[in-house]
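> Okay, here's the structure, questions in a sec.
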Amino acid sequence: MARYEHLPIYKAAFDLACEAERAVRAFSRYNKYTLGTDLRWKARGLVDTVVEANGSADRRSVLQRLRGEIESFKVLVRLCQEVNAFSSTGAYLNLAERVVGLGKQNEGWLRHAAGAATKKSGEAEHGQNLAG
C-alpha cells in the first residue's frame, strides 16, 4: 500500500475535512442534517480520492475525477453560504480558501502526472525507434 501521509495534498484534504466538520457543528438543525451531511460526506470523499490517486497506476484519471469532486464541493460550500447555513462569514471563507488551495494542488499534481505520462510514452517511442 502506498504511503500518503507525507503528501501536502493529503494534508490539505484532511484539514479541509476537519474544517468542514467544525463548520457543520455550528449549522442550524435544519441545515445540519441536510446540507451539513452532504458537506461532511463530500469532504471525506475528497480525502479518500487523494489516497486512491496516490496508490493508483492510472493516476491521471483519478485526479481528473478529483477535479470534478472539488468543483462539486465548491458549489455545495457556495450553496451553504447562500442559504446562511454558516454561523459566520469567516467559517465560509475558511472553507472556500481551503478548497481553492486543494484545487490548485490537484491541478499541479495532474500536470505532473501528465508530464510523467508524456515522458514515459516518449521514451517508449524512442526505444521502439532504436529497436526498429
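The values are calculated or read from the model by the stated rules, or taken from the named source; none is laboratory data. The shown structure was predicted, so the numbers you read here are calculated from the model rather than taken from an experiment. Every residue, glycine among them, receives a Cβ derived from its backbone with ideal geometry; neighbour counts consider all protein chains shown. Note: areas computed on protein heavy atoms with side chains; ligands, DNA, RNA excluded. Shrake-Rupley method; radii C 1.70, N 1.55, O 1.52, S 1.80 Å.
> State whether segment 67-119 is rounded, prolate or oblate according to the following rule on the C-alpha gyration tensor (a ≥ b ≥ c being the square roots of its eigenvalues): a/c under 1.5 gives rounded; otherwise a/b larger than b/c gives prolate, and the remaining case gives oblate. Provide the component values of the computation, followed by the final result.
Values: a/c = 7.32, a/b = 2.94, b/c = 2.49.
Note, shape of segment 67-119 comes out prolate.
> Rounded to the nearest 0.05, what FRET efficiency do Thr34 and Lys74 give with R0 = 22 Å and r taken as the Cβ-Cβ distance? Could you check? Spell out each step's value before the answer.
Working: r = 18 Å, r/R0 = 0.83.
Plugging the Cβ-Cβ distance into 1/(1 + (r/R0)^6) gives 0.75.
> While we're looking at this one, here's another question. Ignoring ligands, DNA and RNA, what percent of the accessible area of the chain is carbon or sulfur (1.4 Å)?
On the way: 4280 of 8050 Å².
Ligands and nucleic acids excluded, carbon and sulfur reach 53 percent.
> Could you go through segment 98-104 in sequence order and give the Karplus-derived ³J(HN,Hα) for each residue, using 6.51 cos²θ - 1.76 cosθ + 1.60 with θ = phi - 60°, rounded to whole Hz, and x for Gly and Pro?
5, 6, 5, x, 5, x, 5
> For segment 7-59, rounded, prolate or oblate, judged on the Cα gyration tensor with a ≥ b ≥ c (square roots of eigenvalues), a/c < 1.5 rounded, else prolate if a/b > b/c? Provide the component values of the computation, followed by the final result.
Numbers: a/c = 6.20, a/b = 2.33, b/c = 2.66.
Oblate, since a/c reaches 1.5 and b/c is not below a/b.
> Under a 1.4 Å probe, what is the accessible area of the chain per residue, stated in Å²?
On the way: 8050 Å² over 132 residues.
About 61 Å² of surface per residue is accessible.
> What's the magnitude of the charge dipole for segment 1-73 around its Cα centre, counting Lys and Arg as +1 and Asp and Glu as -1 at the beta-carbon? Answer in Debye, nearest 20. Let's see the in-between values first.
Values: 13 positive and 10 negative charges, 34 e Å.
For this selection, approximately 160 debye.
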